[in-house]
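The values are calculated or read from the model by the stated rules, or taken from the named source; none is laboratory data. Just so it is clear, the structure is predicted and the values come from calculations on it, not from any experiment. Backbone-built Cβ (ideal geometry, glycine too); neighbour counts: all protein chains shown.
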Amino acid sequence: MVTFALTALALLASSVSALHSIPLTRRSGYVLESGAVNLTAFQNEVSLMATKYEKNNRILRTNLFNDKATSRSKLRERGAVSLAIKSYAVWTGPSYIGTPAQSFVTYFDTGSSDFTVADSSCPTSSCGSKARYTVSKSSTAVTTTTTVTTNFADGTSSKGTLIKDTVKIGGLTVTGQAVISSSSLSSTVADLDSDALMGLAWPALSSAYQNPVPFTQYDQGVGTKGVFGLALSMTAGKSSLTFGGYDRTKMTGIITYYPCGLTTSAAYRTYWQIAASAPFVNGVQAITTRVNMILDSGTTLIIAPAAAAAQFWAAVPGSAKLDSNFWTFPCDSPPDVTFGLTRVMKKWAVNPDDFNLGVIEGDESRCLGAVATQNLGLGTSWILGDTFLMNWYTIYDVQNSRIGLATKK
């Protein structure tokens, strides 16, 4: 871990005028008309995450280990299912593809690596009302011979052609960016409340093993060293994604940097993750071993393997198991939850209001907790979704393979 004074970091960050920020908005829907938590929405989100990480695991095996023989039956064991309702954990903003630019409402996800958009040939039955990318209308588009097919454990799939084209985000422009122009979309992707999905994780998780936008930005020397910054908030107008550096107006104090960890059993970087970390409840470490923590803007939840989640909730006074994925706690006594990242003593808190997902319908004394469990095929690793990310300004540094956290304004 390396800590710098913010004034010193001015030498590393681009000037404010060189930053390229876009506002982000989030779909609502986690609260029922009664005021109780929409449990179905969160159960759906857990299923979506299972499907997403099943896809990531399959891509990783293919890209790094050339393992294309994983059976459908083994994939089904992870419990991924087709989704009956849309995910609400979608942070969206504008992006533009091609020359002249074609505009798309884009879901930005730090937990995946593909940039996927609906092709003009995609029928309504598959791509719904999403904006379509018309390759022939872009003078800078280069069509490759690569076809990308992504199979999901629920039996659905997406198929598209790899295109290289100019992409603009918040005034930042990269050329030859890999885009999957999809002629068909899995319901897993089609149901997302956006036109396009832009993954911001490492290239090893890309279906075609191509650079996501921050890595293209770094290779082309656009902005500052492949750095992007993320500020998430439930307050309207407070969320933004900044490319070409980080936005000092969104944070205060010092930035603490952690090395981006390697995926267990693979000497590669895949996710934006921090190793040797642990959750704490009321000041006491809540699990017996330290694990990788993956920062994923694609979910509201904090997701842990079953045994670790059970250990965590055993440390929460008055907690009770609600179903196979979730626990509740007494609304009048929320736990003090922090995360110790690496073995350094500094801890990062989760606001009790963020940890509390809402009151259980029919029992206003019980509240739904943000730590859930699901088998994502990640071994002992945890997922830190926006329940955690909304509390801090996060910086993702491609060149130096590190993650920064700072106090958010």
**Asked** What strands (runs of 3 or more DSSP E) completely inside the stretch 118-211 contain at least 3 residues that are over 30 Å from Leu262 (Cβ atoms) and assigned by TED's automatic domain parsing to the domain that holds Ile403?
**Response** none
**Request:** Would you check if Ile383 is out of contact with any Phe, Trp or Tyr (no Cβ under 7 Å at 6 or more places or on another chain) and surrounded by 22 or more Cβ atoms within 10 Å (Cβ to Cβ)?
**Result:** yes
**Fill in**
Taking the stretch 139-177 and keeping only residues that are at pLDDT below 95 and among the acidic types (Asp, Glu), one is left with Asp154
**Message:** Among the residues of the stretch 183-193, are any touching a residue at least 12 places away in the same chain (Cβ under 8 Å), surrounded by fewer than 19 Cβ atoms within 10 Å (Cβ to Cβ), of a type in the set (Asp, Glu) and out of contact with any Pro (no Cβ under 7 Å at 6 or more places or on another chain)?
**Reply:** yes
**Request:** Residues being of a type in the set (Asp, Glu) and either within 25 Å of the chain's Cα centre (by Cα) or crowded, with 22+ Cβ neighbours inside 10 Å (or both): count how many of those fall in the stretch 349-380.
**Result:** 2
**Fill in**
Scanning the stretch 336-391 residue by residue, those within 22 Å of Trp272 (Cβ to Cβ), without any contact (Cβ under 8 Å) to a residue 60 or more places away in the chain and part of a loop (DSSP other than H, G, I, E, B) turn out to be Asn351, Asn391
